[in-house]
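Written out below as structure tokens is the structure these notes cover.
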Amino acid sequence: MRAAILAVLISAPAAAQSPMYGADASTATVSTSTDTVTSSTSTVSVSTSAPSIDDVAGHGFKIGGGAPKAKLTRPMHAVIHKDAVDWEPLSLREGGVPGGGETTIALKVVKVKGRMKGENSKAKAFARTHKGRKDGRWLVISLYPKSLESRRAHFEIRLRVVEGYVEQAEAAAVIVTERRRLDAPKRPRDSYDLREEGIEYREEMPGSGQLVIAELDPRPGAAAVNSGRLEKAEFADSDIGFVNLSWATRGLPAK
């Protein structure tokens, strides 16, 4: 009897140390499994907190919780020099919203009670390209205001493009002075047409002004889009005065 009791006392500690002892074996297994799951969850958490490729590269997003800021891209197929903003008498720079332009003209613009007001006129705009006398080509945007039809006058914006760079900018009021009656052309004549046909005319350049280009494409073709504006252009002609105008054209005939 004493031998049996002694055998039980000896075997009990050994059984308590064994992971396979009765119900305790199941509890140990679950505990180990739980530790494994916890470790896996921690790993996933670290992985998802790392920055994504888009965040690292930027991709137009502001890191740090800011809202995405879209970058305005203008379709410019010729380069405008940075120092063109200081050209005289006409400064030249990029600006405006692509696709948002329209053809408008305001003549005799004056400041009234802090606001600029002028005589608005309906107008049509056409783009042409002509070979330069020296080098490059001239992109000519001609605007024909309804209010100056009786004077046979129109405006021209001229950009000389050489090897993909805008090297010169001009604006002019072109007034036909030919006395003889002229046949109606298939398309409105610009100054190059007038010279070729031997039609007398005179030009008046503004003493100051600002050219702002939103879209620029001097390449001939139906898809060529050009838009921009001329601001604060001062002409000596009393019928013109200060002028604000804008243009938006599509298509550029080859010549």
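Listed here are the residues, each with its yes/no results for (1) surrounded by fewer than 19 Cβ atoms within 10 Å (Cβ to Cβ); (2) over 19 Å from HIS130 (Cα atoms).
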{"position": "GLU196", "(1), (2)": "yes, no"}
{"position": "MET205", "(1), (2)": "yes, yes"}
{"position": "LEU211", "(1), (2)": "no, yes"}
{"position": "GLY221", "(1), (2)": "yes, no"}
{"position": "LEU230", "(1), (2)": "no, yes"}
{"position": "GLU234", "(1), (2)": "yes, yes"}
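Can you name every residue in the range 98-107 that is in contact with a strand residue (DSSP E or B) (Cβ under 6 Å, 6 or more places away or on another chain) and at pLDDT below 95?
PRO98, GLY101, GLU102
Just to be sure, is ARG250 farther than 13 Å from LEU92 by Cα, basic (Lys, Arg) and open to solvent by 50 Å² or more (accessible area, probe 1.4 Å)?
It is true that ARG250 is farther than 13 Å from LEU92 by Cα, basic (Lys, Arg) and open to solvent by 50 Å² or more (accessible area, probe 1.4 Å).
Any idea how many residues of the range 111-125 are within 20 Å of VAL212 (Cα to Cα) and either touching a helix residue (DSSP H, G or I) at 6+ places or on another chain (Cβ under 7 Å) or open to solvent by less than 80 Å² (accessible area, probe 1.4 Å) (or both)?
Qualifying residue count for the region: 3.
Could you check ARG160 against (1) open to solvent by 60 Å² or more (accessible area, probe 1.4 Å); (2) closer than 22 Å to ASP217 by Cα; (3) of a type in the set (Lys, Arg) and say which number it fails?
So ARG160 meets the others, but not (1).
What number of residues in the range 236-247 are open to solvent by 10 Å² or more (accessible area, probe 1.4 Å) and within 21 Å of GLU94 (Cβ to Cβ)?
Final tally of qualifying residues: 2.
The values are calculated or read from the model by the stated rules, or taken from the named source; none is laboratory data. Since the model is a prediction, treat every value here as computed from it, not as a measurement. Positions of Cβ are backbone-derived with ideal geometry, glycine not excepted, and every protein chain shown enters the neighbour counts. What goes into the accessible areas is simple: the full protein's heavy atoms, side chains included, and nothing from ligands, DNA or RNA. Shrake-Rupley method; radii C 1.70, N 1.55, O 1.52, S 1.80 Å.
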